[in-house]
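Remarks on the structure that follows.
Just so it is clear, none of the values below were taken in a lab; they were calculated from the coordinates. The model shown is predicted, which means the values in this text are computed figures rather than measured ones. Quick reminder, even Gly has a Cβ in these numbers, built from the backbone with ideal geometry, and neighbours come from all protein chains shown.
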Amino acid sequence: MTRLLMMTLLACLTLSPATLSADREAPGVVFHLDSETRMNRMLAQVARHHAFNPDIETRVILIAEGVKPAIEGAQDANGGQYSAQMEQLMASGIRIFACEATLNYYSLTEGDLAFGVETVPSGVAALGRLQAREGWGYIKL
């Protein structure tokens, strides 16, 4: 009986979430961007974070008006292409995601996005999952 109890305990410890999470990669930092008007400044802050913390995985989730600059050909007030800034971030290993629910709201599709921008079904749900289940840091810009 004691042996069965010990084996059960060992199996539980082996399959516990703490043990399983040790096999996963370390959590990173996720940025929540939801404004078109401050996008240049926000992208610069993401780049600055990554420059000082290149070993921390970094993601950007675009929600609401934050999705608009991710559309292929979108320009800032000075005529600069947002996609150029985003491509630089992605080239350095930062992943950028647009909220599919927001795209649907604006009658847009994944095909309308600039090259390399990925999607998540719900930006809010992705932010919540990364924080609550995967231990990611959260920064709202």
How about the stretch 79-141: which chymotrypsin sites (Phe, Trp or Tyr not before Pro) there are in a DSSP loop, with at most 14 other Cβ atoms within 10 Å of their Cβ? Tyr106, Phe115
For the stretch 64-76, what does the Karplus curve 6.51 cos²θ - 1.76 cosθ + 1.60, with θ = phi - 60°, yield as ³J(HN,Hα) per residue in whole Hz, taken in order and with x for Gly and Pro? 6, 5, x, 6, 4, x, 7, 6, 3, x, 5, 10, 7
Nonlocal amide H pairs with Ala98, under 5 Å, H built at 1.01 Å: Leu62, Glu118, Thr119, Val120
Roughly how many debye, to the nearest 20, is the charge dipole of the stretch 62-141 about its Cα centre, given +1 on each Lys and Arg Cβ, -1 on each Asp and Glu Cβ, and no other charges? 340
Under-5 Å amide H pairs with Glu72, H placed in peptide plane, nonlocal only: Leu113, Ala114
Residues with amide H under 5 Å of Tyr138's amide H, sequence separation 5 or more or different chain, H placed in the peptide plane at 1.01 Å from N; which? Val30
Using θ = phi - 60° and the Karplus form 6.51 cos²θ - 1.76 cosθ + 1.60, what ³J(HN,Hα) does each residue of the stretch 38-46 get, whole Hz, x for Gly and Pro? 10, 4, 4, 5, 5, 5, 5, 5, 4
Applying the Karplus parametrisation 6.51 cos²θ - 1.76 cosθ + 1.60 with θ = phi - 60° to the phi angles of the stretch 106-112, what ³J(HN,Hα) value in whole Hz is obtained for each residue in order, glycine and proline being reported as x? 8, 6, 10, 10, 4, x, 7
